[in-house]
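The values are calculated or read from the model by the stated rules, or taken from the named source; none is laboratory data. Computed from a prediction, not measured in an experiment: that's the story for all the values here. Ideal geometry is used to build each Cβ from the backbone, glycine not excepted, and the neighbour counts take in all protein chains shown.
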Amino acid sequence: MKKNIEALYNLCNKPSRKIIGLMSGTSLDGLDVALCNVSGSGLQTKVEILNFETVSFSNEIKEEIKTVFSKNNIDLENLLY
């Protein structure tokens, strides 16, 4: 565990880091992917978007997502599929 914490600490102390952010909203249109360069920390944090793309979901994937989120209880296998 200590090794992992040290690795994260070293990453955070670099002058800049490239980070990939992923997000999917409730519209089910797709997965938004952003490659960003993050520098500084705290109030001096600066974020530059290097590349951005939305990967559209197929109708099949949209239906699978709706199936998972329309139920109170789901099969774990469906969630991880």
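Residues of region 32-61 that are outside any strand (DSSP E or B), surrounded by 13 or more Cβ atoms within 10 Å (Cβ to Cβ) and over 16 Å from the mean Cα position of the chain (by Cα): I61 alone.
Among residues of region 14-25 that are surrounded by 10 or more Cβ atoms within 10 Å (Cβ to Cβ) and part of a strand (DSSP E or B), those with a Cβ under 7 angstrom from a residue that is of a type in the set (S, T, Y) and at pLDDT 90 or above, sequence gap 6+ or separate chain, pair up as S16/S39.
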